[in-house]
1. Which residue pairs have Cβ atoms closer than 8 Å, lie 6 or more positions apart in sequence or on different chains, and pair a first residue in region 36-56 that is without any contact (Cβ under 8 Å) to a residue 60 or more places away in the chain and closer than 17 Å to GLY8 by Cβ with a second residue that is assigned to a loop (DSSP other than H, G, I, E, B) and among the small types (Gly, Ala, Ser)?
2. Residue by residue through region 1-35, note down the ones that are touching a residue at least 40 places away in the same chain (Cβ under 8 Å) and acidic (Asp, Glu).
3. Name, by its number, the condition in (1) surrounded by fewer than 17 Cβ atoms within 10 Å (Cβ to Cβ); (2) outside any loop (DSSP other than H, G, I, E, B); (3) at pLDDT below 95 that does not hold for GLY56.
Amino acid sequence: MIVCICEGVSDREVKRVLRQGACDLGSLRRECGAGGDCGSCRPQLRRMLRELKATGRQTPGG
Ligand code: FES
């Protein structure tokens with residue numbers, strides 16, 4: 001599923017970058033471009049960041 005429409009970044013790509021150590025929106029943007037344009041995906045990106053932190057970087061299906 002595409003999370004960031006502007007940059008065409010999928011949830012899988014975001015999870016991959018998060019697993020590799022991205023810990024905030026700035027590093028996500030640098031690594032895959034997500035959230036770097038209109039910003040409407042940022043709430044979803046923040047949610048994914050929170051979830052990954054809460055689960056110790058383990059995500060199902062990613
Ligand atoms: S949808 Fe991600 S920056 Fe626009």
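1. The qualifying pairs are CYS41/ALA34; CYS41/GLY35; ARG42/GLY35; LEU45/ALA34; LEU45/GLY35.
2. ASP11 - this is the single residue of region 1-35 that is touching a residue at least 40 places away in the same chain (Cβ under 8 Å) and acidic (Asp, Glu).
3. Status for GLY56: all satisfied but (2).
A quick yes/no check of all residues on (1) of a type in the set (Ser, Thr, Tyr); (2) open to solvent by 70 Å² or more (accessible area, probe 1.4 Å); (3) assigned to a helix (DSSP H, G or I); (4) at pLDDT 95 or above:
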{"residue": "GLU7", "(1), (2), (3), (4)": "no, yes, no, yes"}
{"residue": "ARG12", "(1), (2), (3), (4)": "no, yes, yes, yes"}
{"residue": "LYS15", "(1), (2), (3), (4)": "no, no, yes, no"}
{"residue": "GLY26", "(1), (2), (3), (4)": "no, no, yes, yes"}
{"residue": "ARG29", "(1), (2), (3), (4)": "no, yes, yes, yes"}
{"residue": "GLY36", "(1), (2), (3), (4)": "no, no, no, yes"}
{"residue": "SER40", "(1), (2), (3), (4)": "yes, yes, no, yes"}
{"residue": "GLU51", "(1), (2), (3), (4)": "no, yes, yes, no"}
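The values are calculated or read from the model by the stated rules, or taken from the named source; none is laboratory data. Quick caveat: nothing in here was measured; it's all calculated off a predicted structure. When we count neighbours, we look across all protein chains shown, and the Cβ atoms used for this are built from the backbone with ideal geometry, even at glycine. Remember, those area values only see protein heavy atoms, side chains included, never the ligands or the DNA or RNA. Shrake-Rupley method; radii C 1.70, N 1.55, O 1.52, S 1.80 Å.
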